[in-house]
Amino acid sequence: MRAAAFTDLIGPDGVTLVERPTPDPGPGEALVDVEACSINRHDLWILDGDSAMVDPSDLPFVTGLDVAGVVQAVGDGVTNVDPGDRVLLCPNQTCGTCRFCREGPENLCDSFSLYHGGLADEACVDADRLISLPDDVDTTTAATLPTAYLTAHHMLRRAEASPGDLVFVPGATGGVGVATVQLADAFGCRTVGTSSSESKLDRLADLGADHTVRGTDPDRLRDAVADIGTPDAVINHLGGAYTDLGLDLLRRGGRMVICGRTAGDTSEIDIPNLFLGHKHVVGSTMGTQPELERLVDLVAAGDLDPVVDRTFPLAATGDAFAAMKERETLGKLVVTMD
């Protein structure tokens, strides 16, 4: 089978199409013919050598969390899927025995990790992590959901965002940002989204953003957002200076949820503002499999239409990462096994 492997951690030029043996599914596993797999900032960090989870000794490395396709074969003991089933993978990997696996939520598992290997013709996965796809949800659309939309959905839940709430989304034209705007709109929340691109903000408004602000400077954004209103929640996938910005803008008792570090690994915050304002800062990673099932249901019902910016054939996976790195996109980039 073909796989788009990271053969050097130097950015998009480090992706090489290689041949690998097709795996055989073991007990509890399923072999999926991959039809589509989206890529994420998580993958790009690895490719740029900016992730502790992969180093040169691990190469060649095949990433790809967001797998959608058709079951080709199953191993012993698998009863939840059959060959021929159309499926989406929940990439969560958990121990199954710790307190959080027993009581939930599973993404707090003591040994939480993520599946990698979807940028290939076939993927061998834990069968119990497969979700059946309705006939009216195509695999390219489904492949957008497991990382960006699941992360956004869980963050909105952790923010306790309710209908009518104002949600501030800095960097709203990235994968998680777009997903947040769409889901917040579906849940009856109002949103303020920011971007450096006027054209992207125009598209974001078409996707349901109630207010848009062009710019990246936190001081300018602080004044512009404050003129719109006081956010009840902040969905922050950027980190860095945007953490203090979000905290400053939040209403008393409001919640900011953070899932990323694109703008920086560290943040400085005004501690008196935090405790005197009774504000909450919450960390969040991914979401749960039942939440991903709900997202599939929202798509099937027509209540959510995930944004695919572009698709790339497997042989052009490096080009997909180049487009992501150059920030040319709005929405998800999906690799298909053409």
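Data table
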item	result
Region 98-105 - phi-based ³J(HN,Hα) in whole Hz, Karplus 6.51/-1.76/1.60, Gly and Pro as x	6, 4, 6, 5, 6, 10, x, x
Cα gyration tensor shape for region 89-171, rounded if a/c is under 1.5, else prolate or oblate	oblate
Max mean-square fluctuation residue, GNM over the chain, Cα-Cα springs under 10 Å, options ALA209, ALA127, ALA224	ALA224
GNM result for the chain, Cα springs below 10 Å: residue of ARG294, ARG102, ARG190 fluctuating most strongly	ARG102
Inter-part distance where region 97-133 and region 3-20 are each reduced to a Cα centre, Å	24
Cα gyration tensor, region 152-271 - rounded (a/c under 1.5), prolate or oblate	rounded
Under the Karplus curve 6.51 cos²θ - 1.76 cosθ + 1.60, θ = phi - 60°, whole-Hz ³J(HN,Hα) for region 158-175, x wherever Gly or Pro sits	5, 6, 6, 5, 10, x, x, 5, 9, 10, 8, 10, x, x, 7, 9, x, x
Surface share of carbon and sulfur [accessible, 1.4 angstrom probe, percent] for region 99-169	40
Top of GLY287, GLY174, GLY26 by mean-square fluctuation, Gaussian network on the chain, Cα under 10 Å	GLY26
Relative contact order (percent, whole number), the chain, Cα cutoff 8 Å, 6+ residue spacing	18
Per residue accessible area of region 44-199, 1.4 Å probe, in Å²	36
For the chain: span of alpha carbons on each principal axis (Å, largest first)	57, 42, 37
Amide H contacts under 5 Å for GLY264, placed H, 5+ residues apart	GLY240
The chain: antiparallel DSSP beta bridges as a percent of all, rounded to 5	55
Neighbourhood charge, 14 Å Cβ-Cβ cut-off, centred on ALA241 and excluding it, Lys, Arg +1 and Asp, Glu -1	-4
Histogram of C-alpha separations across region 230-338, 10 Å bin width, %	13, 28, 32, 21, 6, 0
Amide H within-cut-off set for GLU35, under 5 Å, with H built and near neighbours excluded	ALA68, GLY69, VAL70
Net charge of neighbours whose Cβ lies under 13 Å from the Cβ of ALA322, counting Lys and Arg as +1 and Asp and Glu as -1	-3
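The values are calculated or read from the model by the stated rules, or taken from the named source; none is laboratory data. On a predicted model such as this, the values are computed, not experimentally measured, just so you know. Neighbour counts are summed over all protein chains in view; Cβ atoms, including those assigned to glycine, are modelled from backbone coordinates with ideal geometry. Surface accessibility is based on the protein's heavy atoms, side chains included, excluding ligands, DNA and RNA. Shrake-Rupley method; radii C 1.70, N 1.55, O 1.52, S 1.80 Å.
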